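Below: the structure, in C-alpha cells.
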Amino acid sequence: MGEAGEADRRIGRKGERRRTQELPPILRHGFRPFFLLGPVFAAFAVLCWLALLADLAVLPGAADPLAWHQHEMLFGFASAVVAGFILTAIPNWTGRLPVNGLPLAALAGLWIAGRIAMFAGTLLGSATTALIEGTFLIVLAALVGREIVSGGNWRNLVPATLIAWLAIGNAAFHLEHGYGLALDGIGTRLAIAALAMLIGMIGGRIVPSFTRNWLVKRQAAALPSPFGIVDKLALITLAIALLGWVFLPESRSVGFFLAVAGVAQMIRLARWQGWRCVAEPLVLILHVGYGWLGLGLLLLGLANLASPFSDLAALHALTTGAFGTMMLAVMTRATLGHTGRALTADGWTLLIYAAVTLGALARTISPLIPDETWLEVAGLLWAGAFLLFALTYGPMLLRANPKRAGA
C-alpha cells in the first residue's frame, strides 16, 4: 500500500511538472512576476517622489504625497518582494506544490490593482481604495497561512504571521489617512517592524547558510557559527525592541532596547565570517544587508535617546539600507539559482549592488546635510539599482529556464 501511494505521488509530481511547463514562464513560480513587478515599481515610485518634491508633478493619490511615498514603498514595493520570496520558499518548507498559473496571476493582479487604486485614490474614495488596495496582503496572508498549516510546517508559522501583521499595518494606514483616525503612524511602524523582523529571522537563516556553502566549497578553515544562544538572544531583543517601538516610539526605554538590538545584530553578523566572502559579491551583499539592519536599529535607538542622530536618517538606514539591500541580494541570488544560472555576480550585478549601497548611504546622511542635492542623488542611485535589476534580470524572469524547461 505504501509503495503504491509513493508511486501515485511520483506520477502526480510528473504531471504537475508537465502542467507547469505548459504555463507562460512568468506564471510558473511566485518569484517570477513579483521579482519583476516589485523592482519596476520601486524605481517608478521613487522617481515620482522626487518629481513631487521638485513640484514637477501632482499626485491624485489616496493620501498626501509623503504618506503615499511611505505606503507604496512598504506596502507596495516591499510586499511584492516578500510575496515573491515566500511563495517560492513555501514549497521547500512544506513539500507542497507551488502556487502558479491562474491563482498566481490573480494574486499579481490584486497587487497591480492596489497600486492603481493608491495612485488614483481621490477618484475612487477612501472606502473603495482601501478595499481594492488592502485585499492583496489579506489574500497573501491567508494563502501563506493555509500552506504552512496544511504542510504541518509549524517552524515557519511566525514568518507567515508577520505577513498578517503587514496586512494589519496596511489597514491601520487606511484608517488613519482615509478616515482621519488618530493612530500616530502606527501602521507604518508596524510594517517597518514586520519587515525588520523578517530580515532578522529569514536573513538569520540564509546568510550563514549560503556563506557556509560557499566557504565549504573553498575548503575554508573557519565557517559561520551555528545557530545558538547568541542568535536566540539577538532575535528576542529584536522582537522586544520592535514591539516597543511600534506602540511607544518616543520612549527612552524603547530607545535603549533598539540600540541594544542593533548591537546584538552586529555581534550576530560578526559570527558569520562575512569578510571571508569578498571574492563573491553575491554572498558578501547578504552580509551588507544584514549589517544595515544592525546599523539602522542602533541609529534609531540613539535618535530616541536624544542624541544628535536623526530618526529620519535611522529610518532610511533601515528602509533604503537594510530592506533595499537585502531584497536585491535575495532577488539576484534566487533569480540566478531558480533559472539554472551560475551563482556568481557579473559586472551588471556588481553595479546594482554599488548603486543600492551608495544610494542608501546618501539617503541616510541626507537629513544631516542642508543641501537637497544629496536627497536627489540618493533617490536616483537607489531607483537606478532597481531599474537596472529589472533590465538585467527581467529577461531571466520572463523566459524559461535555459537548462531545464520546468523552471
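A compact table of results
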item	result
In the stretch 267-293, the residues that are more than 18 Å from R205 (Cβ to Cβ) and either out of contact with any helix residue (DSSP H, G or I) (no Cβ under 7 Å at 6 or more places or on another chain) or in a helix (DSSP H, G or I) (or both)	W275, R276, A279, P281
Verdict on V158 being on the phi < 0 side of the Ramachandran plot, at pLDDT 95 or above and part of a helix (DSSP H, G or I)	no
Selection status of V230, β-branched (V, I, T), loosely packed, with under 15 Cβ neighbours inside 10 Å and free of Cβ contacts under 8 Å to residues at least 12 places away in the same chain	no
Test result for T135, assigned to a helix (DSSP H, G or I), modelled with pLDDT under 95 and either touching an Asp or Glu at 6+ places or on another chain (Cβ under 9 Å) or not hydrophobic (A, V, I, L, M, F, W, C) (or both)	no
Single condition R212 does not satisfy, out of (1) open to solvent by 20 Å² or more (accessible area, probe 1.4 Å); (2) in contact with a helix residue (DSSP H, G or I) (Cβ under 6 Å, 6 or more places away or on another chain)	(2)
Residue list for the stretch 67-100, filter: open to solvent by less than 10 Å² (accessible area, probe 1.4 Å) and of a type outside the set (A, V, I, L, M)	W68, H71, E72, F75, G76, F77, S79, G84
Subset of the stretch 252-302 (residues that are of a type in the set (G, A, S), within 21 Å of F210 (Cα to Cα) and open to solvent by 60 Å² or more (accessible area, probe 1.4 Å))	A279
Counted residues, the stretch 334-364 - those being touching a His at 6+ places or on another chain (Cβ under 9 Å) and hydrophobic (A, V, I, L, M, F, W, C)	1
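The values are calculated or read from the model by the stated rules, or taken from the named source; none is laboratory data. Since the structure is predicted, the reported quantities are computational estimates derived from the model, not experimental observations. With ideal geometry, Cβ positions are generated from the backbone for all residues, glycine too; neighbour counts draw on all protein chains shown. For the accessible areas, the whole protein counts, side chains as well, though only heavy atoms, and no ligand, DNA or RNA atoms are used. Shrake-Rupley method; radii C 1.70, N 1.55, O 1.52, S 1.80 Å.
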